[in-house]
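Read through the structure below, which is laid out as structure tokens, and then see the notes.
The values are calculated or read from the model by the stated rules, or taken from the named source; none is laboratory data. As the structure is a prediction and not an experimental result, all values here were calculated from the model. Heads up, the Cβs are rebuilt from the backbone with ideal geometry, glycines too, and the neighbour counts pull from every protein chain shown. Remember, those area values only see protein heavy atoms, side chains included, never the ligands or the DNA or RNA. Shrake-Rupley method; radii C 1.70, N 1.55, O 1.52, S 1.80 Å.
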Amino acid sequence: SVESNSEDEIDITCRERLVEWCYRVCDCGQLACSREAVAVAFSYIDRFLDKEVHCGLSFFKLVAITSFYMASKIHSTEELAICSLVELSRQEFTVVDVCQMERKILEVLDWRMNPPTVQMFVALLATLYRDVYSDVDSVFQLATFFAELSVYEYSLVRYERYLVAVACVLN
């Protein structure tokens with residue numbers, strides 16, 4: 001049974017390491033997973049952990065791996081295999097742990113699994129600007145990079161995704 005515990009408290013560094021791990025999994029080339037799935041996964045994580053009273057490091061990692069798995073099923077062309085994620089986690093968790101956590105996350109999030117992401121808003125803004133300006137691709141490539149970096153920054157969770165996207169474009 002998956003229960004939260006507080007053996008090691010989590011901090012901002014834990015989040016940054018897990019974001020980096022997810023991006024590395026996306027970029028490794030062995031798994032077909034979009035980088036936007038990382039933003040979706042961390043939306044799940046943030047909303048789920050907002051409802052949890054205590055969260056230790058092991059619990060946080062299980063939530064992160066499970067959320068990444070769930071995001072890949074919905075927002076990638078090819079779903080990540082649970083077995084692959086268990087292997088990538090160095091067998092810290094079992095397939096049963098991930099399945100139980102998936103059910104718990106779905107229940108807590110009330111099946112709201114299609115959140116808007118900063119990347120999505122950047123892409124929409126790019127479409128609007130391309131109709132007006134012909135040479136904006138480099139600006140929006142950089143804005144997309146900033147959007148990906150925004151996932152690392154926990155302090156941005158409290159802002160609406162579209163505001164973060166506008167800030168990415170303006171920067």
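Pick from Leu124, Leu85, Leu18: which residue has the top mean-square fluctuation in a GNM of the chain where Cα pairs under 10 Å get a spring?
Leu124
Grab the DSSP H runs of the chain that are 4 residues or longer, score each as -39,500 (n - 2.57), total them, divide by all residues and round the 222 nm result to the nearest 500 deg cm²/dmol. Working shown, then result.
Values: 8 runs with 109 residues, N = 171.
Helix contribution divided over all residues of the chain: -20500 deg cm²/dmol.
Looking only at chymotrypsin sites (Phe, Trp or Tyr not before Pro) in DSSP loops with at most 15 other Cβ atoms within 10 Å, what is the longest site-free stretch of the chain?
On the way: sites that count: Trp111, Tyr133, Tyr159.
Here the longest segment lacking exposed loop sites spans 1-110.
Would you mind counting up the charge near Tyr152? Only other residues with Cβ under 9 Å from its Cβ, with Lys and Arg at +1 and Asp and Glu at -1. Could the numbers behind the result be given before it?
Values: positive: Arg15; negative: Glu16, Glu20, Glu148, Glu153.
Neighbour charge sum, excluding Tyr152 itself: -3.
How much area per residue is accessible in region 83-134 when the probe is 1.4 Å and only protein heavy atoms are counted (Å²)? Please list the in-between numbers first.
Values: 3480 Å² over 52 residues.
That works out to 67 Å² per residue.
Specify the residue with the greatest mean-square fluctuation among Asp110, Asp131, Asp46, computed from a Gaussian network of the chain linking alpha-carbon atoms under 10 Å apart.
For the chain, modelled as a Gaussian network with Cα springs under 10 Å, the answer is Asp131.
Keeping every protein chain in place, order Ser43, Ser72, Ser138 by accessible area at 1.4 Å, biggest value first, i.e. largest first. Kindly include the intermediate steps, with their values, before the conclusion.
Numbers: Ser43 25, Ser72 0, Ser138 75 Å².
Correct descending sequence by accessible area is Ser138, Ser43, Ser72.
For Ala167 and Arg112 in the same chain, what is the full-extension length gain: residue separation times 0.36 nm, less their Cα-Cα distance, in nm? Display every interim value, and only then the final one.
Numbers: separation 55, 0.36 × 55 = 19.80 nm, distance 2.58 nm.
Full-extension gain reported as 17.2 nm.
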